1. How high is the relative contact order of the stretch 73-119, given as a whole-number percent (alpha carbon pairs under 8 Å, six or more residues apart)?
2. Take each of the peptides 58-67, 75-84, average the number of other beta-carbon atoms within 10 Å over its residues, and list them starting from the highest.
3. If packing is taken as the average number of other Cβ atoms within 10 Å across a peptide's residues, how do 87-98, 112-123 rank, most packed first?
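Read the figures in this text as sums done on the coordinates, not as results from a lab. It should be emphasised that the depicted structure is a prediction, and the values quoted were computed from it without experimental measurement. Because the Cβ atoms are built from the backbone with ideal geometry, glycine has one as well, and the counts that use them run over all protein chains shown.
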Amino acid sequence: YGISETSDGKMLFVANRHGDSADSGDNVFAYEIKEDGFEQKKTYFKKKATSAYLDEETGFLYVTGYGSGISVFDFNSNSKDPIATLNSTSTYSQVKKIDGVLYAVCWSSGTIFKLSRDKTDNSKIVGENMIHNRGVKDIYKLDYTLMFNDFEIEDSVTEVARYKFDEPVNSPVCEN
């Protein structure tokens, strides 16, 4: 469902949202990319996993789920338990770090959230609502603007909006 890789191209993360348990799906698989193929290194259970993003700076793996929020794992640890969660029945399609800030795309509400750890409970993640636009699926950074596309058509971008990072994000700079 969701595939991402590390910036050096040595690790690949594949989310599989089909199944009912850690044995039958609902996992994120971490593969080491080798010259002659792949070697599975780790597996993380996340109910209805949709994507995974490794924050290479911190070593935290952010895993989103279809109707199951976000779980954070310590990729450098042998533990398979999440170290923090954003419990939600919403569907998140992506987490990405842009200019040192973590953003999450809430697919079901069409909202982009700025993520941080809860100051009173480090095992929880909180999201600050940044941008609301119907059907946000993916978020990209180009120069100093934030771009995203509409999820209703899987094979093309139906709407692109640009937001400047250094200005209020209430309305886009331009839309197509």
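1. 23 percent
2. Descending mean neighbour count gives 58-67, 75-84.
3. Peptide ranking by packing, descending: 87-98, 112-123.
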